[in-house]
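Just so it is clear, none of the values below were taken in a lab; they were calculated from the coordinates. None of the values given here were measured: they were computed from a predicted structure. Neighbour counts are summed over all protein chains in view; Cβ atoms, including those assigned to glycine, are modelled from backbone coordinates with ideal geometry.
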Amino acid sequence: MANKIRNTARNFHAPALPNPPAEYSQALTHQRDTTLRIYFQNIDEAITQALQYDTSDIIDGSIPNSKLENSTISFGGVTLSLGGSDATPAFDLSDATGYPTSSLVGTITTAQIADDAVTDAKLANSINSAIAANTAKVTNATHTGEVTGATALTIADGAVVTARIADDAVTGDKIAHNTITSTNMNTASVSATALQSNAVTTTKIADANVTTAKIADDAVTPAKLSHDYLRADANDSTAFTVGFGAVTVTNTLTVGYNSVTTGGGSVVAGNQHAAGGPNCLVSGYNNTVSGSLNNVSGQGNTASSSVGITTGYQNTSYSGADRSIIGGYGNYGLAENCLLVGSTNSISTGGANSIVGGYNNISAGNNCLVVGYQCYAGASTKWFSTAIGYQSQALGTASFAGGRATYDGGTKRTQVDADAGFSYGTGNRIYTNAPSSVALGTLTACGEPTPASGVTAAQSMAIGYKSIAYKDNSFAGGNQSYAFGDTSFAFGNGSVASNGFSNIALGRGVTTPVSGGAATTTGAVTVGQWNNFNVTTDQHFSVGTGTGDFSRYTSMYVGARSSSDSGIVMQALKDSASYTTDSAAALGGVPLGGIYRTSNTVKIRMT
Amino acid sequence: MAITWDIKRLETDNNNGVNYVHYFAWDVEETGEGLDARKYHGYYDAFIEYTPDPSADGYTAFNALTKEQVIGWVKASLGSEQVTTIESAIATQIAEKKQLQGRTSLPWE
């Protein structure tokens, strides 16, 4: 090793100092200081240059490793001293670049290759070609698991044999639509469960192959029947039933035995019928039909009407009974638009639009209602009446008769002769001269059978038993009471409102005053019982206290007054005993507070 | 028919003692049936005034009185003779009314 490192010498040349003067002057002193400054400046520069080294200034190999600040070097995990060597350094080349593959020696094992790292591009083209051509696999190894992959695996046409497919492995989705033919299916192998509901269409059923057994009971609706004939074979004894719904027959339908049908479009059923007109419906036994558009049912009926219904037994619908309905037994219909049911009833030609039911009733007027037994309503010019019950007769226009008849020396029907009369009960009567009247109860009457000329009993009312209202606006009620006067009122038992205007009788056996067979006055009010009515005086208010028809008495009355006569008569007081004292009056029956007399003095009993 | 005695009204003083009794007796006789039925009444009534004495033996408070008890007072006050007179008068009234059967109307009308 060298002992020095500088290769080139750096010499210092000190400047020549001036000689000392003999005597220092200021100028010489200044000159000496200037020389010294130059001298030291040169020293400084020489030292500076001496400390600066160029490459050429250092002697090769003159610096030992120990004099270096860093005497080793490390690469890839291998450390060497400067000047050292390692022929087979174990470098970590994980960050190395530019290392040529040609410099690799040895073998790259499978472990050295990362999973999923070798792409098809790293394979030889021949291998890729062989894979693509499916020629790489040259041995016939059996594959036991799933064959998976993202791209197509082509199997040669017709190469997959049945044995390669697992049992029950081919699902419906793996079969192309519309590809399974009948030859692929075993005969009789398609069960009902394999068919979709409502999937079998009519064209899939062979003609004439649906047997009766294949149709559920009650399953064929009318809409499923063709609008064609419904026929039964000749001599077919099997009954059939046509269920609920409409059956349209466009031409003649003949059923039964020995029917005679002369009209087209008729329906005849039963036994020995005759249909004379077209469009008739006849059923039952022994019916006869003529005209057209009839509907006849039952036995022994005769229908000559049009567009009517005649049913039941031995009913007759005459030609005038168009659009009428007749049922029951032995009825006769002669008017149109009627309803006739029951037994042996009849509607005359004038009884259009009427309703008759029951037994042996008659409607003779238009728009009448008759129900019951032997009732009668209306007349040719008397319409809109109603008769119900037993032998009731509503003979007036818009009249009403109900209830029943009775026997009172003769049959007495509940009968209304007057227009708009109303009677209900037993044997009541409203006569013709009593329109708009009301009779209720038993044997009551409004009006009279043979009234005097001009006498009417309109708007009258009779209620109870045998009470009679004789004049307009009169009222008779109770038991055998009579209202003879216009606007009179009689109520009670045997009360009589005599024939004067606005007379009123209330009580038992009372009669408003009468003289000479006529009412004494008008506006008379009589109350009580058995008054003495046969008087000549005006009695506007009277009180009867009699004890019988032959023991009549009027205790008091108020008559017409004048300035000379009060018109007040106390007959009973006049006729009573004269008592001198209250005690005597008491024993005579005069109550406390009662009026009595002492001779002609009127007193009140106080004690 | 037996004559019936009854009480119509009582009045009291300030001490609730009875000082006034309004009594009555009546009878009725019926004849005929139905429409011919008739009734004839006999009637008598009067009153008696009393002076209540709450200290008397057997005094009965007002609320404890019975109809029979008051009728007994009345008959005791009247005496048996007057009671008989009244009942006879009632019978007479009925008899007289039954006699009034004659027609009062004029025979020529």
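Which value, in debye to the nearest 20, gives the size of the charge dipole of region A:354-431 about its Cα centre, when Lys and Arg are +1 and Asp and Glu are -1 at the Cβ?
In debye, rounded to 20, region A:354-431 gives about 100.
In region B:4-99, what is the count of Lys pairs whose alpha carbons are under 15 Å apart, counting only pairs at least 8 residues apart or on separate chains?
Lysine pairs, 8 or more places apart or on different chains, close enough: 5.
Across region A:579-585, in residue order, what do the Karplus-derived ³J(HN,Hα) couplings come to in whole Hz, using 6.51 cos²θ - 1.76 cosθ + 1.60 with θ = phi - 60° and x for Gly and Pro?
The phi angles translate into 10, 7, 9, 5, 4, 5, 5 Hz.
Tell me, what are the semi-axes, in whole angstrom and largest first, of the equivalent ellipsoid of region A:17-59 as set by the roots of 5 times the Cα gyration tensor eigenvalues?
Calculated on Cα positions only, the semi-axes equal 36, 9, 4 Å.
For the ranges A:541-547, A:120-126, B:23-29, A:482-488, what's the packing order if you count other beta-carbon atoms within 10 Å of each residue, average per peptide, and put the highest first?
A:482-488, A:541-547, B:23-29, A:120-126
Under the √(5λ) rule applied to the eigenvalues of the Cα gyration tensor, what semi-axes describe the equivalent ellipsoid of region A:471-607? Give them in Å, descending.
Taking √(5λ) for each eigenvalue gives 32, 17, 11 Å, largest first.
Using r as the Cβ-Cβ distance of A:LEU573 and B:SER55, and R0 as 45 Å, what FRET efficiency do you calculate, to the nearest 0.05?
My answer for the efficiency is 0.40.
Just to check I understand the Karplus step: with θ = phi - 60° and J = 6.51 cos²θ - 1.76 cosθ + 1.60, what whole-Hz values come out for region A:591-607, glycine and proline as x?
For region A:591-607, the Karplus-derived couplings read x, 4, x, x, 9, 9, 10, 10, 6, 9, 9, 8, 10, 10, 6, 10, 10 Hz, x marking Gly and Pro.
Just for the Cα atoms in region B:4-99, what are the lengths along the principal axes, largest first, rounded to whole Å?
Here the Cα extents, ordered largest to smallest, are 55, 28, 18 Å.
Using only the alpha-carbon atoms, how far is helix B:67-99 inclined from the longest principal axis of chain B? Give it as 0 to 90 degrees, nearest 10.
10 degrees
On a straight-distance basis, which lysines could pair with A:LYS224 in a cross-link, Cα separation under 21 angstrom, same-chain partners fewer than 8 positions away excluded?
A:LYS204, A:LYS214
What is the mean projected area of the alpha carbon convex hull for region A:411-473, to one decimal in square nanometres?
3.4 nm²
Please give the contour-minus-distance gain from A:ILE38 to A:ASN178: 0.36 nm per residue of separation, less the Cα-Cα distance, rounded to one decimal in nm.
38.4 nm
Restricting to Cα pairs below 8 Å that are 6+ residues apart, what does the relative contact order work out to for chain B? Please round to a whole percent.
About 26 percent, as a whole number.
Hey, what number do you get for the protein assembly as shown at 222 nm if only DSSP H runs of n ≥ 4 count, each worth -39500 (n - 2.57), divided across all residues, to the nearest 500?
About -3500 deg cm²/dmol.
Could you tell me what fraction of 2.2 N^0.38 Å the Cα radius of gyration of region A:68-166 comes to, as a two-decimal ratio?
Its radius of gyration relative to the 2.2 N^0.38 Å reference: 2.03.
From the C-alpha coordinates alone, can you work out the Kirkwood hydrodynamic radius of the protein assembly as shown, in Å?
Computed over the protein assembly as shown, the radius equals 43.7 Å.
With springs only between Cα atoms under 10 Å apart, run a GNM on chain B and tell me which of B:THR92, B:THR84, B:THR31 wobbles the most.
Ranking B:THR92, B:THR84, B:THR31 by mean-square fluctuation puts B:THR31 first.
State the antiparallel share, in %, of DSSP beta bridges confined to the protein assembly as shown, rounding to the nearest 5.
Approximately 30 percent, going by the DSSP bridge assignments.
May I ask for the Rg/Rh ratio of region A:404-553, computed from Cα atoms with Rh as the Kirkwood radius, given to two decimals?
Ratio value, two decimals: 1.00.
Residues with beta-carbon under 15 Å from that of A:ALA497, excluding A:ALA497: net charge, scoring Lys, Arg +1 and Asp, Glu -1?
0
List the lysines whose Cα lies under 23 Å from the Cα of A:LYS382, skipping any in the same chain that are fewer than 8 positions away.
Answer for A:LYS382, where 23 Å is the Cα cut-off: A:LYS412, listed by chain and number.
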